[in-house]
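Have a look at the structure below before the remarks.
Just so it is clear, none of the values below were taken in a lab; they were calculated from the coordinates. Predicted, not measured: the structure shown is a model, and the values here were computed from it. When we count neighbours, we look across all protein chains shown, and the Cβ atoms used for this are built from the backbone with ideal geometry, even at glycine.
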Amino acid sequence: MHELSMADAIIKTVIDAAEKNNAIEVLEVTIEIGELTLLNPEQIKFILEVLSEDTILEGAKFDIEIIPAKIECSCGYEGGVASDDGLDHYNPIISCPSCGKGDFKIIDGRECNIKNIKIEKEE
Amino acid sequence: MHKIAEVEVQNDILIANKKLAKRNQRILDRAGVFAIDFLGAVGSGKTTLIEKLIERMDYSIGVIAGDIISKFDAERVKRYNIPVVGLNTGKECHLDAHLVEHGLEDLPLDKIDLLFIENVGNLICPVDFDLGSHMRIVIISATEGDDTVQKHPLIFKEADLVIINKVDLANAVGADINKMVEDVSSINPHVKVIKTSLKNDEGIEDVIEAILEAM
């Protein structure tokens, strides 16, 4: 359960970016979370809303975009992997969809990126 | 007048941790220190493994013992009269590169060859956080059940060595050790798997050999 520290780091980063751009208010925050991180987007969102209180982010809308997993396998396959278990954030892939083996590198799916923010600022 | 503006941020929190981890590794490399991150669940045998290695390895060893709020693990290692830093993560379930950076500041790195970093007992959260170590050893035990590998695949994907401990208790708890080994190999075909019973000093020499190979 490291959603709290991640959310805290997200809030600090957003406040920093907002202040640098002379924002009066942060309206929206778009965050990309990789499917293979062990982060639960719903928990992150909830904690972000709690931590936003009494900050420039209070009331901001948090959009979380899930980045699908992508692997590069020793068999030559490069691409996505099927999520087969219906779990919302934890996708325990252990095999390549092409050769069925586990000898692959993870290319995408481990992000926790603050993509952009929408702010209101003085003209 | 107010206006609405969209600002690109593109700041990845996990990449920020990775950058700090790389910096830690540069600090370690400059000091000639080989660092190992020990990961495993509560009660898998991390501290026992570290104690056995300290007793048997002829190197100057330092330890960073991560724990949520206690110093029990750090105290256990202190009796060997080696440099030990206890890191409390507070409410956090894992060590991160920033905490380890502070740990490194409190260690006499120029007098150490080997640094053992004991992560918080957890098979999930530490996966996302590189510390800057040169080797990741994951230790699990038969008593956690023989489905524990399948339930936590990512930590095994990232491991450089996997130890299955308490194999002497496998029958008592009905755990199939061969299944555990096969599960690890299917997730990470290149990783070495060593079976141990640390209480009985079984397999410890194989672990030392694997560490020496990695150094």
If each K or R counts +1 and each D or E counts -1, the residues other than B:Ile15 whose Cβ falls under 15 Å of its Cβ total -1
Which aspartates and glutamates have a Cα lying under 15 Å from the Cα of A:Lys45, excluding residues fewer than 8 positions away in the same chain? A:Glu3, A:Asp8, A:Glu28, A:Glu32, A:Glu53, A:Glu58, A:Asp63, A:Glu65, A:Asp88
Using the basic label-point model (7 angstrom from Cα toward the beta carbon), what is the B:Asp58 to A:Ser98 distance in nanometres? 4.9
Can you compute the helix-only [θ] at 222 nm over the protein assembly as shown? Use -39500 (n - 2.57) per DSSP H run of at least 4 residues, normalise by all residues, nearest 500 deg cm²/dmol. -9500 deg cm²/dmol
Summing +1 per Lys or Arg and -1 per Asp or Glu among the other residues with Cβ less than 11 Å from B:Gly145's Cβ gives -2
If I model a spin label at B:Arg26 and A:Leu4 as a point 7 Å from the Cα along the Cα→Cβ vector, what separation in nanometres do I get? 3.3
Counting Lys and Arg as +1 and Asp and Glu as -1, what is the net charge of the other residues whose Cβ lies under 12 Å from the Cβ of B:Tyr80? +2
What is the distance in Å between the Cα centroid of segment B:1-52 and that of segment A:1-61? 20
Let me confirm one metric for peptide B:143-154, namely the mean number of other chain beta-carbon atoms within 10 Å of its residues' beta-carbons. 2
Can you give the average number of partner chain beta-carbon atoms within 10 Å of each beta-carbon in peptide A:110-116, as a whole number? 6
Measuring from the longest principal axis of the C-alpha atoms of chain A, the long axis of helix A:3-20 (C-alpha) lies at a number of degrees, nearest 10, equal to 50
Violating pairs (Cα-Cα greater than 21 angstrom) within the set A:Lys20/B:Lys3; B:Lys151/B:Lys192; A:Lys12/A:Lys70: A:Lys12/A:Lys70
Along Cα→Cβ, 7 Å out, is where each label goes; now give me the distance between the ones at B:Ile4 and A:Lys20 in nm to one decimal. 2.4
Which angle between 0 and 90 degrees, to the nearest 10, do you get for helix A:41-52 versus the longest principal axis of chain A when only C-alpha atoms count? 20
Could you work out, residue by residue across B:172-184, how many beta carbons of other chains sit within 10 Å of that residue's beta carbon, and then give the average as an integer? 0
